[in-house]
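Nothing in this text is a laboratory measurement; each read-out follows from the coordinates by a stated rule. Because the structure is predicted, anything quoted here is derived from the model rather than measured. Don't worry about glycine lacking a Cβ; one is built from the backbone with ideal geometry, like all the others, and counts go over all protein chains shown.
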Ligand code: TYD
Ligand code: MG
């Protein structure tokens, strides 16, 4: 290994220093110094790689293509765009304890069981090899073709990769790796970047696919300001609530396939299990019929998910009303509450509002607006929404219900699960989605107030209006729909 030197370089102007400085003497920027490897040695090494490559016609490369190997776990193959590309690098991010190491161990096992010629290397930079071996044994994924290397030195790991020539490598985790030429601590931006670039180089040269596990910080970024994402081919994030079993595997960058796909797993005693029917899984918890519960159809990646959004509206007895939201964006929920108050006459100013998306899933899609609004109204007037009713749609500030993408997928999923009625936005085709919707009636609504009056009227045969008169302070004739905006 040639001798390398580390220097601190200002990321703003390129000023070099032997030691870390808080403020650059050249351009006066603060906190801009990052340790980097420089010097003739690394130039020499780069030259060495470039000399090995020869230019060739682009068509020849098109013909050759790249080799995609199935990992054996469909949910992983789906997010990777069809399988693991040979010689590619994948970053798997997620909070500590979410199940990254477990997923990788299970993937190695299924990857190897597809083809007996394949071999794997697991770099245990974080946990002891005994811990990993015992877990693999418990998960029944231990196999003699999985080699474990307890090392944190990236140069030694690379030497081992060159010696063993495994088909796949998992580095657990990239933050625990160190480059011996750098003086900074493991996990620092410069260490993570140098170690990753060393591994990326290794993947390209040897054709080994390398998966790197990276912990995300509380802000949700992998090891500092996106230091890795530009050099890695595919970036996956594993997310979920630690108190729930559901785990989502998202792809945020993919040089070999589309982004936006999600894989779904549930954490069990025997490791991670793929969830093939997520809607059934998410709705399975809704046993009791109470007001404030509403089924919603959202899209995660390209998959329709039916889930339950719950709202509880209770009088405020002291101070300002509280709004507590889990599973959806807090600000969006606050906007919805204001829209309900102003546009649909649902009085919430003296009420606490609690919103929860059941199942521990976090929904970012705006299609949750209408179901959440209906759940709030249902709880406010204490009218139970009958089973078999679902909704989707974005709600604008004017109270208007706006179209969201892929309505057909949502409706087909509802139909599959035996839903009878769906409230949603008005689409240009008039809300008739082909002839394929048999047992499901689609009720297109323009305004959130219109949806509330139609839905709550549906539940308890007009009884809600009677109750509403008692609750709401609006002085409107009970024949008019609850909040069709006429101002
Ligand atoms: P782990 O894969 O170690 O998480 P990470 O590598 O992302 O830090 O998984 C840790 C959690 O998963 C741990 O809290 C226990 C849980 N778990 C199970 O519930 N079942 C299992 O079979 C395994 C292996 C872990
Ligand atoms: Mg781990």
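The table below gives the values:
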quantity	calculated
Long-range Cα-Cα pairs in the stretch 68-276 (distance over 22 Å), rounded percent	44
Cβ-based exposure ranking for 182, 199, in which fewest neighbours within 10 Å come first	182, 199
Computed [θ] at 222 nm, helices only, for the chain once each DSSP H run of length n ≥ 4 contributes -39500 (n - 2.57)	-9000 deg cm²/dmol
Relative exposure of 322, 64, 193, 118, judged by other C-beta atoms within 10 Å (fewest first)	64, 322, 118, 193
Rg over Rh, two decimals, the stretch 292-338 (C-alpha only, Kirkwood Rh)	1.06
Pairwise label distance in nanometres, residue 329 with residue 143, each label 7 Å out on the Cα-Cβ vector	4.3
Residues 211, 419 arranged by fewest to most Cβ contacts within 10 Å	419, 211
Inter-label distance for residue 55 and residue 159, nm, one decimal - labels placed 7 Å from Cα along Cα-to-Cβ	3.7
Gyration tensor (alpha-carbon) shape descriptor, the stretch 373-455, a/c threshold 1.5	oblate
log₁₀ of I(q)/I(0) at q = 0.15, 0.20, 0.24, 0.25 Å⁻¹ - the stretch 81-130, Debye sum with one point per alpha carbon	-0.51, -0.90, -1.22, -1.28
Residues of the stretch 174-211 with amide N under 14 Å of the 7 Å Cα→Cβ point at residue 21	none
Estimated translational D of the chain in µm²/s (Stokes, Kirkwood radius over Cα pairs; 20 °C; 1.002 mPa s)	83
Using alpha-carbon coordinates, inclination of helix 369-380 to the longest axis of the chain, degrees	50
